[in-house]
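Take a look at the structure set out below.
Taken together, the values in this text are just the output of simple stated rules run on the coordinates, not laboratory data. Predicted model, so just to flag it, every value in this text is computed and none were measured. Cβ atoms come from the backbone with ideal geometry, glycine included; neighbour counts cover every protein chain shown.
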């Protein structure tokens, strides 16, 4: 592992005591529900809309973690990361950070790269973590309605490890929600997606990277969900036409799914994260690879 990969080793301490998934769901119903997986492709596109993140993924020589080459493995590692960041112990966060940093240390730009990037760059990871936080809030709002200001402030504090379980230092994370939204809007206004990145991201929208058995029956639904969950500014940068009829269809579907999801027990609403956390802890205990 490179020196830069070892540079930051202490996770953030928030103002909020760590909570179990049950306790957090009692306080902010549905904030950890895995129905948010329907927004997964949209959130990935938003992360990769940043040119340095996008080219870092497109040019990455670490194909074992590529979404296009290994979609199920990549989905598993991403969901495991989210589970560890939001529900793991300090020891578990440090262990997963070490595993991720080892892979990220291999992702750097070359002399021919259109933009310079380094996957261990805390600024790039801050953008990725900000997208994840925005995604949690956005999907919770679309499926269960908005959080109260108090719930949103608590979840913001709780969600800081989305960044600090990577290389984001605690002092880099915007100090409060007002500062976060200022950062968020400033970043959105500066993003420009070029044709190369846009072309690569378009492959994600219809699930064609997952093969015909999934993309043929689910492709149109996936495009609708992805378009609906994209931030409007990123949707415009992706040059996606979004009509009022598509918006109505999207709202109708998410409302129906939300009604069904609210009636499910928490154990089902939070699958598969629960299973992946169990598997992560089994791997950690046995000394097996974590990603």
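When the Kirkwood radius is taken over all Cα pairs of region 176-251, what Stokes-Einstein diffusion coefficient follows at 10 °C and 1.306 mPa s, in µm²/s? If you can, show how the numbers build up before the last one.
On the way: Rh = 14.0 Å.
Result for D is 114 µm²/s.
Pair-distance distribution of region 92-210: all C-alpha pairs, bin width 5 Å, starting at 0; shares per bin in whole percent are 2, 9, 15, 19, 19, 18, 12, 5, 1, 0. Taking max minus min of the alpha-carbon positions on each principal axis, region 30-286 gives extents of 46, 41, 41 Å, largest first.
Ranked by the mean number of other Cβ atoms within 10 Å of their residues, highest first, the peptides 181-189, 269-277 fall in the order 269-277, 181-189. In whole Å, how far is the Cα centre of region 173-197 from that of region 223-256? A separation of 20 Å, based on Cα centres.
For region 136-283, the average shadow cast by the Cα convex hull is 11.9 nm², which is a quarter of the hull's surface. Ellipticity at 222 nm from helices only: DSSP H runs of n ≥ 4 in the chain, each -39500 (n - 2.57), divided by the residue count, give -19000 deg cm²/dmol.
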